[in-house]
Amino acid sequence: MRAIMVMFDSLNRHMLPNYGCDWTHAPNFKKLGEKTVVFDQCYAGSLPCMPARRELHTGRYNFLHRSWGPIEPFDNSMPEVLKQNGVYTHLVTDHQHYWEDGGATYHPRYSSFELVRGQEGDPWKGHLKNPDYPETESPDFFVKSNMFRQDVINRSYFECEDKHPQAVTFSLGMEFIKKNKDEDNWFLQLEAFDPHEPFFAYQHYKDLYPHEYKGKHFDWPPYYFVQEGEEVVEHGKYEYAALLSMCDHYLGRVIELMDKHDMWKDTMLIVNTDHGYLLGEHGWWSKSIMPVYEEIAHTPLFVWDPRVGKKGERRQSIVQTVDLAPTLLEFFGVPLPENMDGRPLRETIQSDQPIRESALFGFHGGHVNITDGKYVYMKAPVSPKNEPLYEYTLIPTHMRKLFSPSELQNIQIQEPFSFTKGCQTMKIRAGEEFTNPFQYGSKLFDLTTDPEQKEEIEDLEIELKFIEKIAEKMRENDAPKEQFERLGIPENGIMTVEELRQQKEAVRKAEQLNILLDNLWDKGAQNQIRALLNIIPENVRQDILNKFEEFVVSSRFNEITTEVVEKFIDVSIPKEEKEKAQYFIRLAGRTN
């Protein structure tokens, strides 16, 4: 038996013809739907990139214990377990996060691996002289960043398509298939960074989407709310679509190779992603900084299992990323390790047999989200400081750097969790998250009547049912006790309507700042002041608050809005720090 996983990053379900999109050019995804079972209710688990890949290896939720981080010494890694049981595992990828500090323990788990350089800001080719920058719609402080500079350098090496990292990745993956097509017991993970931003595609793919655009260069949306005009937003969608069509082209080459060598009779094929991506929906770009809307969490999944032989069919059962590791282990006849949250998909592929009632998903420190396919509930923290919150690890690395000495000053030793094989871990207070989910509050949506999540609904009884289910799943995952405290959820998950109503009232009171109490505040302005205090040294925070009070009183503002706070920022923050401060302050002002 053999298995191939073709994994794309940031592959949008709502941009694929298999899921109702009628304007993108993706004929090979259409063909894929005819050769596989298509899952309609697949959800991410832990977000974003490396947390999702830890789930892919372990079959266990990552986000309740850890943010972006490595495979830990106590983790059961699916490709390594296969390797230990006589299945050859090979990784080919241009996903540069594998060779950064926060991902460096993943690829050695395979029998062999090939890493293709040059995507995004991968520090690849060394140029001391600054390149020529395109005039772009991206924020100035981002354009001045090392990552943007490096990306401009990297692109200069991709004049022809066959040199592009995606093209090289697929070429190497198909080389492995051709070389080993007559061998047994192997698993290939062919993983493309695309269509992750930046949306760099060649002109013949862009020509598939003719449109008028007279603006500046724009193929790298910021992690921010939409400030650009409609013309720029539409152009950004077309740039993504062009890169999606490039992905479709290379997917087609894998399908053709499987056809040519009659591999469907004994080779599993999985085509999947880690998460989706916002292209202006809900007024947002990208991911990570906003509530985890359907466009991010609800993902495409295609599976061909040669033992079952089902193709051209759809499945409605809820499945998740955590199910892929046990599915592959079961396919090769390898016993499943303990403490997996996921389940093999064989029976679901066969007859749509459910394996769970609901899916849990989120970012570390963000909302804890749950869906049963009809509703989505996003449980926010009850404290403005989003505390208590800790990281549990034996390898303290962030995405591109080690934990700083200041973060490691007061570590505690945590007794073993059920999945750490008797190992104690470091318990490290989490640093300031990119955004605080408290600013958005808890949210409930009815996906049946409102699939685009435009209108929140209020129904305490439904919330209580989801709170009980969240607590159950957190207990099954052996979640840290402070996660329950952060969310205001009892460990048994049982709350009354009156207790939930009181909690909501306490949250409303906690939103209020203890200054200028006679003024009317909007929620966004309160969030902005908190964000401002977080980015300035503690010893000057009170001075800033005093200056803000003087500013409001002297200007005779009765109502304090985000515009008032931004005017204060404009006159109070040093010029060299203002642009970055404004970025985070405006971000904090968003409440949806």
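Can you work out which of the residues in region 413-428 that are of a type in the set (S, T, N, Q) and assigned to a loop (DSSP other than H, G, I, E, B) is surrounded by the fewest Cβ atoms within 10 Å (Cβ to Cβ)? By that ranking, first place goes to S418. When N386, N410, N369 are checked against the criterion of being surrounded by 20 or more Cβ atoms within 10 Å (Cβ to Cβ) and outside any strand (DSSP E or B), N386 stands alone in meeting it. I536 satisfies every condition listed in (1) assigned to a helix (DSSP H, G or I); (2) closer than 23 Å to F141 by Cα except (1).
Is it true that some residue in region 171-182 is within 29 Å of Y43 (Cβ to Cβ) and surrounded by 19 or more Cβ atoms within 10 Å (Cβ to Cβ)? Yes - at least one qualifying residue is present in region 171-182. Within region 134-168, being part of a helix (DSSP H, G or I), over 21 Å from P221 (Cα atoms) and free of Cβ contacts under 8 Å to residues at least 12 places away in the same chain holds for D162, K163.
Residue by residue, here is whether (1) more than 21 Å from the chain's Cα centre (by Cα); (2) under 23 Å from I585 (Cβ atoms) holds:
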residue	(1), (2)
V382	yes, no
N386	no, yes
Y392	no, no
L408	yes, no
E415	yes, no
A430	no, yes
G441	no, yes
D450	yes, no
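For region 553-565, does any single residue satisfy the condition of being closer than 30 Å to L278 by Cβ and either of a type in the set (K, R) or not in a helix (DSSP H, G or I) (or both)? The answer is yes; a qualifying residue exists.
Of all the numbered requirements in (1) in a loop (DSSP other than H, G, I, E, B); (2) farther than 30 Å from F331 by Cα; (3) modelled with pLDDT of 95 or more, P131 misses one, and that requirement is (3). Screening region 96-139 for residues that are over 26 Å from L402 (Cα atoms) and among the charged types (D, E, K, R) and picking the one that is surrounded by the most Cβ atoms within 10 Å (Cβ to Cβ) gives E137. What single numbered condition from (1) in a loop (DSSP other than H, G, I, E, B); (2) in contact with a His (Cβ under 7 Å, 6 or more places away or on another chain) fails to hold for G431? All conditions pass for G431, except number (2).
Restricting attention to region 100-119, does a residue exist that is at pLDDT below 95, in a helix (DSSP H, G or I) and either in the same structural domain as L336 (by TED's automatic domain parsing) or more than 24 Å from M1 (Cα to Cα) (or both)? No, region 100-119 contains no residue that is at pLDDT below 95, in a helix (DSSP H, G or I) and either in the same structural domain as L336 (by TED's automatic domain parsing) or more than 24 Å from M1 (Cα to Cα) (or both). Screening A241 against (1) in contact (Cβ under 8 Å) with a residue 60 or more places away in the chain; (2) closer than 19 Å to F193 by Cβ; (3) in contact with a Leu (Cβ under 7 Å, 6 or more places away or on another chain) leaves a single unmet condition, (3).
Here S572 meets each of (1) touching a Lys or Arg at 6+ places or on another chain (Cβ under 7 Å); (2) of a type outside the set (D, E); (3) within 30 Å of K473 (Cβ to Cβ) with one exception, condition (3). In region 473-482 there is no residue that is touching an Asp or Glu at 6+ places or on another chain (Cβ under 8 Å) and small (G, A, S). Take the residues of region 140-170 that are of a type in the set (V, I, T) and closer than 19 Å to R117 by Cβ: which is surrounded by the most Cβ atoms within 10 Å (Cβ to Cβ)? Out of the qualifying residues, it is T169.
Considering every residue within region 558-565, establish whether at least one is free of Cβ contacts under 8 Å to residues at least 12 places away in the same chain, surrounded by 11 or more Cβ atoms within 10 Å (Cβ to Cβ) and either in the same structural domain as L516 (by TED's automatic domain parsing) or at positive phi (or both). The answer is yes; a qualifying residue exists. So is R307 over 25 Å from P222 (Cα atoms) and surrounded by fewer than 19 Cβ atoms within 10 Å (Cβ to Cβ) or not? Here the answer is yes, as R307 does meet what is asked. Among the residues of region 49-99, those that are touching a helix residue (DSSP H, G or I) at 6+ places or on another chain (Cβ under 7 Å), of a type outside the set (A, V, I, L, M, F, W, C) and not in a loop (DSSP other than H, G, I, E, B) comprise E55, H57, T58, P79, E80, T89, H90, T93, H97, Y98.
Of all residues assigned to region 1-9, at least one qualifies as being modelled with pLDDT of 95 or more, over 28 Å from Y209 (Cα atoms) and either surrounded by fewer than 22 Cβ atoms within 10 Å (Cβ to Cβ) or touching a Cys at 6+ places or on another chain (Cβ under 7 Å) (or both). Of everything listed in (1) touching a residue at least 60 places away in the same chain (Cβ under 8 Å); (2) under 28 Å from E175 (Cβ atoms); (3) not hydroxyl-bearing (S, T, Y), the single unmet condition for L279 is (2). Among residues of region 26-45 that are farther than 21 Å from I255 by Cα, those with a Cβ under 6 angstrom from a residue that is at pLDDT 95 or above and among the basic types (K, R), sequence gap 6+ or separate chain, pair up as D40/R314.
The values are calculated or read from the model by the stated rules, or taken from the named source; none is laboratory data. Only a predicted model underlies this, so the values are computations on that prediction, with no experimental measurement involved. All Cβ positions, even for glycine, are placed from backbone atoms using ideal geometry, and neighbour counts span all protein chains on display.
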